[in-house]
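To start, the structure itself, in structure tokens.
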Amino acid sequence: MSSDEELDEYPDGTVKLRNPNIELMDQDILYHLALGSESHDLVSMFGDVKFVCMGGTPKRMEQFAYYIMEEIGHKLPAGTMLQDISQYSYRYSMYKVGPVLSISHGMGIPSVGILLHEVIKLMYHAKVRDPIFFRIGTCGGIGLEGGTVVITEDAVDGMMQPFLELSVLGKLVKRPAKLDKKLARELRALSEPDDPYETVTGKTMCTYDFYEGQGRLDGAFCDFTESDKMQYLNRIHKAGVVNIEMESLSFAALTHHAGIKSAVICVTLMDRLKGDQVLAPKEVLDEWQQRPCSLVSRYIKRYLSMKGHLSLDGHCGSMCVKSPRRFKLVQQESENYD
């Protein structure tokens, strides 16, 4: 554990915030999650969380929630169903399956960054101990066929810099984008010989844009040639980049800054050395997108088996309200999305 991580964890393993202002607030409203520190009993709702799994779209993370529920043998109380805890935010979706949170993070560095600020604060308010964060997603491969699972070793930006640049009060702040190396090795070891696909580790490039920033020729604008594009892609490939996506830099930088163990696992949808557009049929893409979920599921099941908690009954993410008045105010505040 680095010195940075030690600063952000209490002796009992709970998350320690790098913001003294939070303790001075009457209530901390997690605006984009439609939750509040005094309106909701966050300890009762989330205190048993161990794994936070994030992916792009609400539908994908709802599907992951049902998938992981079956995988870990989680039983919902009679007459209940999975609930989108953040449904009144209209921004992100969140499902709780025992010790697993499944949350959509939207697209790109700003969206995942906003979510991480509030989820890290949620971990703090809920007194969660030693959480592990996963980003499960899709990417473009560099020299890898579609359907390949990539576990990120290092995240870099489009200039091959291993940190997130952020303008704060007119000054440029650089946050190291570091992921947990041991966690990446453990995930890689869970790939199985009979998997009908390859699982690799490597460097991930995270860009601020899907089209020009990733060297695509099919955007609304393109001021470079195909030769320029291929020279660039081959150059970053030789430097160790095996895939390109749009969230890993922020995800790695903010979880590292918070002292939270994290990993990024993506599946390639195409080899960018061979083209720009996703051409695989929908049923093939659906199967490919299940592959990172399967790897994360293996890790979670192994952890729970070692702890003797593979079959779980209990909390499905229903609301535990501390203050009905504050609850209504938080809900109204988050619903003001115009």
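I want to confirm something. Restricting to the stretch 197-222 and keeping residues that are more than 24 Å from Pro110 (Cβ to Cβ) and in a loop (DSSP other than H, G, I, E, B), which single residue is least open to solvent (accessible area, probe 1.4 Å)?
Among those that are more than 24 Å from Pro110 (Cβ to Cβ) and in a loop (DSSP other than H, G, I, E, B), it is Tyr197.
Is there a residue in the stretch 35-52 that is under 20 Å from Leu254 (Cα atoms) and either of a type in the set (S, T, N, Q) or not in a loop (DSSP other than H, G, I, E, B) (or both)?
Yes, the conditions are met somewhere in the stretch 35-52.
With the requirement that a residue be out of contact with any strand residue (DSSP E or B) (no Cβ under 8 Å at 6 or more places or on another chain) and either closer than 27 Å to Met54 by Cα or open to solvent by 50 Å² or more (accessible area, probe 1.4 Å) (or both), what does the stretch 233-259 give you?
Asn234, Arg235, His237, Lys238, listed by residue number.
Which of the numbered conditions does His40 fail, given that it passes all the others? Conditions: (1) of a type outside the set (Ser, Thr, Tyr); (2) surrounded by fewer than 22 Cβ atoms within 10 Å (Cβ to Cβ); (3) over 27 Å from Ser297 (Cβ atoms).
(2)
When the stretch 291-302 is examined, which residues are found to be touching a residue at least 24 places away in the same chain (Cβ under 8 Å) and open to solvent by 20 Å² or more (accessible area, probe 1.4 Å)?
Listed by number, the residues that qualify are Arg291, Arg298, Lys301, Arg302.
In the stretch 176-199, is there at least one residue being of a type outside the set (Lys, Arg), closer than 23 Å to Tyr67 by Cβ and touching a Gly at 6+ places or on another chain (Cβ under 8 Å)?
Scanning the stretch 176-199, I find at least one residue that is of a type outside the set (Lys, Arg), closer than 23 Å to Tyr67 by Cβ and touching a Gly at 6+ places or on another chain (Cβ under 8 Å), so the answer is yes.
Residues of the stretch 82-92 being within 17 Å of Cys320 (Cβ to Cβ) and either of a type in the set (Ser, Thr, Tyr) or open to solvent by 20 Å² or more (accessible area, probe 1.4 Å) (or both), which ones?
Of everything in the stretch 82-92, those that are within 17 Å of Cys320 (Cβ to Cβ) and either of a type in the set (Ser, Thr, Tyr) or open to solvent by 20 Å² or more (accessible area, probe 1.4 Å) (or both) turn out to be Gln83, Asp84, Ser86, Gln87, Tyr88.
From Leu273, Leu254, which residue is more than 25 Å from the chain's Cα centre (by Cα), at pLDDT 95 or above and of a type in the set (A, V, I, L, M, F, W, C)?
Selected residue: Leu273, the only one of Leu273, Leu254 that is more than 25 Å from the chain's Cα centre (by Cα), at pLDDT 95 or above and of a type in the set (A, V, I, L, M, F, W, C).
Which condition breaks for Thr268 when tested against (1) in a strand (DSSP E or B); (2) of a type in the set (Val, Ile, Thr); (3) surrounded by fewer than 24 Cβ atoms within 10 Å (Cβ to Cβ)?
For Thr268, the failing item is (3).
Given the conditions (1) closer than 30 Å to Val173 by Cβ; (2) modelled with pLDDT under 95; (3) part of a helix (DSSP H, G or I), report the number of the one that Phe327 does not fulfil.
All conditions are met except number (1).
Would you mind finding the one in Gly106, Gly137 that is on the phi > 0 side of the Ramachandran plot and in contact (Cβ under 8 Å) with a residue 40 or more places away in the chain?
Exactly one residue qualifies, and that residue is Gly106.
For the list (1) out of contact with any Lys or Arg (no Cβ under 6 Å at 6 or more places or on another chain); (2) surrounded by fewer than 18 Cβ atoms within 10 Å (Cβ to Cβ); (3) over 16 Å from Ser104 (Cβ atoms), I need the number of the one condition that His74 fails.
Every listed condition holds for His74 apart from (2).
Just to be sure, is Val49 within 18 Å of the chain's Cα centre (by Cα) and at pLDDT below 95?
Criteria not met by Val49.
The values are calculated or read from the model by the stated rules, or taken from the named source; none is laboratory data. In this text the structure is predicted, and so the values were computed from the model without any measurement. Quick reminder, even Gly has a Cβ in these numbers, built from the backbone with ideal geometry, and neighbours come from all protein chains shown. To get the accessible areas, we keep the full protein, side chains included, count just its heavy atoms, and leave off ligands, DNA and RNA. Shrake-Rupley method; radii C 1.70, N 1.55, O 1.52, S 1.80 Å.
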